[in-house]
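> Just dropping this structure here.
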Amino acid sequence: MARVAAVCVSKEKGTVKQPVPEIQLKKRHGIVGDAHAGDWHRQVSLLGNESVDKMRKTLPNIPVGAFAENILTEGIDLPHLPIGTKLRVGETLLEITQIGKECHAACAIRKQVGDCVMPREGVFAIVLEEGTVRGGDAIEIV
């Protein structure tokens, strides 16, 4: 079963996201209190723990949130979901709008290791139904 491993936010753009107990998602906004929230197509970022594990082979102590992920997942192959896929995540309903992204600047991980998984394996979504998401919540493809 797919599940949420952790949830993270950052107060300012360009900073590492910090793990929190829960996040509140709002329609046409994204995550309350996150610097990347807004009425655009990348309201929520998701990354699989499996993707982070690839990087942990080189840099074992990568903290949760280091790739600017809002929702760290387990047990779901995010980068192979087509755009438009709907995910029930905790109380919310998300729609995948983008797979991967072009890095606007080299992140700290890329500078240390020479690679980063977020541009290839991270996905972005918009909020269709509001609610709370916590670590341990189920994720299902709708």
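> So N49 clears everything in (1) of a type outside the set (D, E, K, R); (2) touching a residue at least 60 places away in the same chain (Cβ under 8 Å); (3) touching a Ser or Thr at 6+ places or on another chain (Cβ under 9 Å); (4) open to solvent by 10 Å² or more (accessible area, probe 1.4 Å) except one condition, right? Which one?
The number of the failed condition is (2).
> Collect the residues in segment 53-104 that are open to solvent by less than 40 Å² (accessible area, probe 1.4 Å), aliphatic (A, V, I, L, M) and out of contact with any strand residue (DSSP E or B) (no Cβ under 7 Å at 6 or more places or on another chain), keeping them in residue-number order.
Across segment 53-104, the qualifying residues are M55, I62, A66.
> Do you know which of the residues in segment 4-20 that are modelled with pLDDT of 90 or more and loosely packed, with under 14 Cβ neighbours inside 10 Å is nearest to R88 (Cα to Cα)?
Restricting to residues being modelled with pLDDT of 90 or more and loosely packed, with under 14 Cβ neighbours inside 10 Å, the top hit is Q18.
> Also, quick follow-up: Consider I23 carefully, then state whether it is open to solvent by less than 60 Å² (accessible area, probe 1.4 Å), more than 16 Å from A138 (Cα to Cα) and at pLDDT 90 or above.
So I23 does not fit the description; no.
> Given the conditions (1) in a loop (DSSP other than H, G, I, E, B); (2) among the acidic types (D, E); (3) in contact with a strand residue (DSSP E or B) (Cβ under 8 Å, 6 or more places away or on another chain), which single one is not true for E12?
(3)
The values are calculated or read from the model by the stated rules, or taken from the named source; none is laboratory data. Everything quoted here is computed from the prediction, not taken from an experiment. Here the Cβ is made from the backbone with ideal geometry for all residues, glycine too, and neighbour counts use every protein chain on show. Accessible surface is based on the protein model in full, side chains and every heavy atom, while ligands, DNA and RNA are left aside. Shrake-Rupley method; radii C 1.70, N 1.55, O 1.52, S 1.80 Å.
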